[in-house]
1. In whole angstrom, how far apart do the alpha carbon centroids of segment 77-108 and segment 1-63 sit?
2. For segment 33-95, what does the equivalent ellipsoid look like in terms of its semi-axes, each the square root of 5 times an eigenvalue of the Cα gyration tensor, given largest first in whole Å?
3. Provide Rg and Dmax in Å for the chain, with only Cα atoms included in the calculation.
4. For residue 8 paired with residue 97, estimate the spin-label separation in nm (one decimal), with each label point 7 Å from Cα along the Cα-to-Cβ line.
5. Could you work out how far apart the two model spin labels at residue 83 and residue 68 are, taking each label as a point 7 Å from the Cα in the direction of the beta carbon, and quote it in nm?
6. Could you tell me which of 28, 78, 91 has its Cα farthest along the dipole of the chain towards the positive end, charges placed at Cβ (Lys, Arg +1; Asp, Glu -1), taken about the Cα centre?
7. Given the Cα-Cα distance of residue 76 and residue 16 and 0.36 nm per residue of separation, how much length would full extension add, in nm?
8. How much accessible area per residue does segment 63-108 have, counting only protein heavy atoms and a probe of 1.4 Å, in square angstrom?
Amino acid sequence: MPRITYIEYNGIEHTVDVPVGKSVMQGAVDNNIPGIDADCGGECACATCHVYVDEAWLGIVGLPEPGSQEASMLSFAAVTQPDSRLSCQIPVTPGLDGLIVRMPEGQH
């Protein structure tokens, strides 16, 4: 299983195994990682699973397609950055072993 590191805004790290086929968001929810609220349950209907993808992983994870539902939902997120993604939209694959994501100070 790929290991993903979630880093809270305060710097606390949580590294967990997430099954292939789940989303990065579901990996956080299943492991009680604080900082990813996931209010919509993975339907991409809010921005409460907003994360910052570590720069070393942007080429693999990619950015949301312009005009996509994810890009639209990110417009509601607090303090987006060029590396912002909704973790519900990042499917876990074997190639994401070692992925690092950081959470913003709060989810809105």
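1. Their Cα centres are 5 Å away from one another.
2. With the √(5λ) rule applied to segment 33-95, the semi-axes are 17, 14, 12 Å.
3. 12.2, 33
4. Here the modelled spin labels are 2.9 nm apart.
5. Placing both labels 7 Å along Cα→Cβ, they lie 1.8 nm apart.
6. 91
7. 18.8 nm
8. Here the residues of segment 63-108 average 53 Å² of exposed surface.
The values are calculated or read from the model by the stated rules, or taken from the named source; none is laboratory data. Because the structure is a prediction, the values reported are computed rather than measured. Cβ coordinates were reconstructed from backbone atoms using ideal geometry, including for glycine residues, and neighbour counts include every protein chain displayed. Protein only, heavy atoms only, side chains kept; ligands, DNA and RNA dropped before computing areas. Shrake-Rupley method; radii C 1.70, N 1.55, O 1.52, S 1.80 Å.
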